[in-house]
1. How far apart, in nanometres, would the label points at Gln81 and Tyr117 be if each is projected 7 angstrom from Cα along the Cα-to-Cβ direction?
2. Give me Rg/Rg_expected for the stretch 3-280, where Rg uses Cα atoms only and Rg_expected = 2.2 N^0.38 Å with N residues.
3. In nm, give the distance between the simple-model label positions of Leu307 and Asn294, each being 7 Å from the Cα along the Cα-to-Cβ direction.
4. Of Phe134, Ile287, Ile272, which is farthest on the positive side of the dipole of the chain, counting Cα position, with +1 on Lys and Arg Cβ, -1 on Asp and Glu Cβ, and the Cα centre as origin?
5. Dividing the alpha-carbon radius of gyration of the stretch 1-91 by 2.2 N^0.38 Å (N being the number of residues), what value is obtained?
6. Need one number: % antiparallel among DSSP beta bridges in the chain, to the nearest 5.
7. Given contacts defined as C-alpha pairs under 8 Å and at least six residues apart, what's the relative contact order of the stretch 1-125, whole-number percent?
8. Ranked by Cβ crowding within 10 angstrom, fewest neighbours first, how are His187, His244, His260 ordered?
Amino acid sequence: MKLATRINSFLPVYENDLKKVLEKFKNLGLTHVDLNYPEHVTDFSGTEMKALLDDNSLKANGVALRFRKEFINGELGNSDQGTAQHALELCKEAADYCREVGGDVVTIWLGFDGFDYSFQINYQKVWNQLVNAFQEIADYAPDLKISIEYKPFQPRAYAFIDSMGVAGMMLNDIDRGNVGVTLDYCHMLMKHENPAFGADIFGSRNKLYGVHINDGYGLNDDGLMIGTSTPFKTLEFLYYIKKHNYTDAIYFDTFPVIEHAVKESEQNIKMIKLLNDTIDNAGMDYIQNIIDRNDAIEASELMIKFLSNK
């Protein structure tokens, strides 16, 4: 199992020194790293970062775009064409960096492409602008996976790409073989989606390019330790990831504030291994058989089986 975790949870604990953080990742038994672009890489060339990862027995899963103050009114869909073009160039630079460090996935979360008020944006214009931008990025880096991470809101009141439905429509219009989605478990709970539903639909189409796992209560991006709030939903989510042979890194997108980042990450690792073993002990075929019966009582019995570990 390929496991990664959130660098920004560790930086404040380790003097904002990325080298110390990556050394701790190695000691924890993590295997992969997702780098925020450009914030995590400003002091390291691609070659230097690749060497640093190698020294710590880590591999790059990919890079994730992080747009900051300049883009608060939109990134790729910004009405100011100069700002939108800058966002597009950042995505291309991130693709180049991803390739240099040996990564496979460029994750694009458009946190500022959205709106807060009625009559604020031209929806069709922004839609077409995003489609064209993603097509250009995909054509620029056909050897990489370009992954759209959606979220229903925060920091905008309404995100533009806000759900599995809108993301799926966007993929259809982009129409590029190397564009898919990253599913963030908490984001899906915020949208009142069942994460397993998205994992099955996108996984069955070979469009599941990234998994961010965490937990929460659905009203906010809580970033709780995995399996602590919705364990059965988490089990079902992981079942479909396994069913569709997802082999990229599983990224712990959790936010320790009171908890120590190392201890919190250790709990995530323990939990995901326990949940994975729970699925294996029940058996993929057995679980599928229960699903195929379309019977709530049988589904409840399966949950009891999970808890009793029999």
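1. 2.5 nm
2. Details: Rg = 17.9 Å, N = 278, 2.2 N^0.38 = 18.7 Å.
Relative to the 2.2 N^0.38 Å estimate, the stretch 3-280 comes out at 0.96.
3. 2.7 nm
4. It is Ile287.
5. Details: Rg = 15.1 Å, N = 91, 2.2 N^0.38 = 12.2 Å.
Output field value: 1.24.
6. Restricted to the chain, the bridges split so that about 10 percent are antiparallel.
7. 24 percent
8. Taking fewest neighbouring Cβ atoms as first place, the list is His260, His244, His187.
Readers should treat all values here as calculations from the given coordinates under stated rules, not as data from a laboratory. Quick caveat: nothing in here was measured; it's all calculated off a predicted structure. Quick reminder, even Gly has a Cβ in these numbers, built from the backbone with ideal geometry, and neighbours come from all protein chains shown.
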